[in-house]
Structure formats: C-alpha cells, structure tokens
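The values are calculated or read from the model by the stated rules, or taken from the named source; none is laboratory data. Computed from a predicted model, the values in this text were never measured in an experiment. Here the Cβ is made from the backbone with ideal geometry for all residues, glycine too, and neighbour counts use every protein chain on show. Heavy atoms of the whole protein, side chains included, go into the accessibility calculation; ligands, DNA and RNA do not. Shrake-Rupley method; radii C 1.70, N 1.55, O 1.52, S 1.80 Å.
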Amino acid sequence: MLHVERRGGALVATLARPPVNAIDAALLGRLDELVAEAEADASVSLVHLRGSERAFCAGADLALMRACLTGGGSETMVDLVRRMQRVFARLEHAPFVTLAEIEGAAFGGGLELALACDLRVAALDAKLGLPEVALGLLPAAGGTQRLTALCGAAVARRLILGGETIDGGEALRLGVVQWSHPASELAEWTAALATRIAAYPREALAASKRCILLAGQLSSAGFAAEVSATRRLYASPQTLERVSAFLERPRTARYDGGADAESE
C-alpha cells in the first residue's frame with residue numbers, strides 16, 4: 001500500500017495500491033503514519049512521494065464512493081474528505097520538505113495530495129486535473145484553496161470550473177508544478193533533486209518553509225467551506241445521478257476521462 005525506503009536524509013514513499021493508487025481510509029492512515037514517523041526523526045529532511053502504478057494517485061476510491069451512495073452513507077465520504085484535509089495539512093506544515101513525483105495520472109484527491117507538497121515534478125505526458133464538477137462535486141481536500149493560492153484565481157477557475165485535464169508541460173506553464181521532464185528521465189532526475197535537498201540541514205529547511213507558508217497563509221474558513229459544500233452536494237439528486245452514471249462506465253473510460261479512479 002505504501003512502501004517506504006530510506007535514502008540518506010530522504011524517505012522515499014511509493015504508493016502501491018493497484019490499479020491506480022486510489023485513496024481510501026487505510027492508505028490515508030498510512031500517509032498520516034508516514035508524516036508522524038518523519039516528524040519524529042530529526043535526520044529526515046525530505047519525504048519523496050511517488051507512485052508504482054500507472055498513476056501517481058488517481059484520487060478517491062470510487063469503490064468506497066459507490067458503497068456510500070448505495071448504502072445512504074454520504075457522511076462517510078464527508079468524513080474521508082475531512083481526514084484528507086487534515087493529513088494533507090500535516091504534510092503542508094511538516095518540518096521537512098515534501099516532494100511529489102507525478103508520473104501517469106494525478107486526478108482529484110491525487111492532485112490535491114501533490115498540491116499539499118512543497119515541490120512537484122511531473123512527466124511531460126502526465127495527466128493532472130480536478131474533475132469533480134463533472135460529478136456534481138468539488139475538490140474538497142484543499143483543492144480550491146491550494147490551487148488558488150498557488151496559481152491564482154484565473155487558473156483555479158479554468159481547471160476547477162472547466163474540469164480540464166492538462167499534461168505535465170501545461171502544468172509547468174501554469175505553475176501547478178515546478179518542473180516537467182520526459183517520463184523516461186523523470187525518476188532519475190527527481191531522485192537527484194531529492195538527494196540534493198535532503199543533504200541540507202533540516203532546521204534550515206523547516207525554518208524557510210515555515211516563513212514561506214506565513215507569507216501566503218491560507219484561511220481555515222475556506223477549508224471549512226469545502227467540507228460544508230461537500231455535505232450539501234452529496235445530498236443533491238443531480239450529484240447522485242451523475243456519480244451513479246459515472247460508476248456505470250467501463251473502468252478504462254473513467255480513467256481516460258479524468259475522473260477519480262476506483263480500486264477493484
């Protein structure tokens with residue numbers, strides 16, 4: 001589910017939940033444990049997140065979503081969103097650098113996970129997007145807040161309201177990621193970056209990160225609004241209709257279309 005390897009001052013955490021590293025409560029719990037482990041080890045200067053499947057992380061587990069919708073338990077999904085917000089905030093404020101290596105797809109909650117990291121490197125042909133509006137939902141694990149803070153309201157409106165999927169090259173141009181490289185070079189280039197940064201003193205990295213965060217401090221009101229809107233939208237008949245129709249599509253069609261992916 002999450003394979004962790006120590007490389008000098010870096011922890012390399014590989015998401016390994018076939019077929020597309022979809023986020024469920026167990027994976028989220030493991031990510032939370034990873035942050036706690038790195039926080040407790042003063043020799044860790046960097047956590048490097050990557051995926052082992054055809055996706056970095058294709059978002060929330062749609063098998064869980066289906067169970068919640070058919071069982072009338074939408075509050076379970078709201079609770080998962082709240083937990084995602086909490087874990088991603090821990091990553092964002094952790095006293096070490098976080099680096100996301102994006103190969104394949106980073107959709108929905110997967111892109112929100114990457115946005116919570118300090119640094120993002122994407123393959124040129126990677127697919128990135130926040131497609132929730134097509135399901136009658138919104139990117140509620142910090143997507144509306146972090147994308148706007150990172151790239152500005154115009155880019156956030158384009159990607160969120162337009163439900164647009166972009167490649168790694170366009171993500172670099174828009175500022176969603178800091179670097180983009182051919183997929184064949186991605187792993188080696190990102191590993192070298194991680195090694196270089198992990199060699200810096202953790203105390204200096206943490207202090208610098210903290211000051212950068214203070215310069216663009218996000219309001220808790222925005223995150224609370226995401227959860228509140230998610231609760232309302234899961235109760236909407238139109239949302240239920242759209243999500244149900246989406247779940248009936250073949251898995252390959254769901255994946256290619258850019259919506260959050262299912263683990264089966």
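The table that follows gives values for the structure above.
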{"item": "Karplus-derived 3J(HN,Hα), 6.51/-1.76/1.60, for each residue of segment 15-29, Hz, glycine and proline x", "result": "5, 9, 10, x, x, 9, 6, 5, 8, 10, 4, 5, 5, 4, x"}
{"item": "Cleavage-rule hits (GluC sites (Glu not before Pro)) in segment 128-191: DSSP loop, at most 13 neighbouring Cβ within 10 angstrom", "result": "none"}
{"item": "Dipole magnitude of the chain, debye to nearest 20 (Cβ charges: Lys/Arg +1, Asp/Glu -1, about Cα centre)", "result": "460 debye"}
{"item": "Net charge of Cβ neighbours under 10 Å - reference G136; Lys, Arg +1; Asp, Glu -1", "result": "-1"}
{"item": "Global geometry of segment 29-188, whether rounded, prolate or oblate, following the gyration tensor of its Cα atoms and the 1.5 cut on a/c", "result": "oblate"}
{"item": "Point-charge dipole on Cβ atoms (K/R +1, D/E -1) for segment 101-196, about Cα centre, debye to 20", "result": "340 debye"}
{"item": "Residue-normalised accessible area of segment 1-143, given per residue in Å² at a 1.4 Å probe", "result": "30 Å²"}
{"item": "Computed [θ] at 222 nm, deg cm²/dmol, the chain (DSSP H ≥ 4; -39,500 (n - 2.57); rounded to nearest 500)", "result": "-15500 deg cm²/dmol"}
{"item": "Label point at E185 placed 7 Å out along Cα→Cβ; residues across segment 114-131 whose backbone nitrogen lies under 19 Å", "result": "120-127"}
{"item": "T195, T165, T14, reordered so the largest accessible area comes first (probe 1.4 Å)", "result": "T195, T165, T14"}
{"item": "Apportionment of accessible area to carbon and sulfur, segment 1-116, percent (1.4 Å)", "result": "53 percent"}
{"item": "Cα-centre dipole for segment 42-128 with unit charges at Cβ (Lys and Arg positive, Asp and Glu negative), debye to 20", "result": "120 debye"}
{"item": "Gyration tensor (alpha-carbon) shape descriptor, segment 140-255, a/c threshold 1.5", "result": "oblate"}
{"item": "Separation between Cα centres of segment 157-190 and segment 24-92, rounded to whole Å", "result": "21 Å"}
{"item": "For R120, distant residues with modelled amide H under 5 Å away", "result": "A100, Q178, W179"}
{"item": "Global form of segment 33-82, assessed from the alpha-carbon gyration tensor, a/c cut-off 1.5", "result": "oblate"}
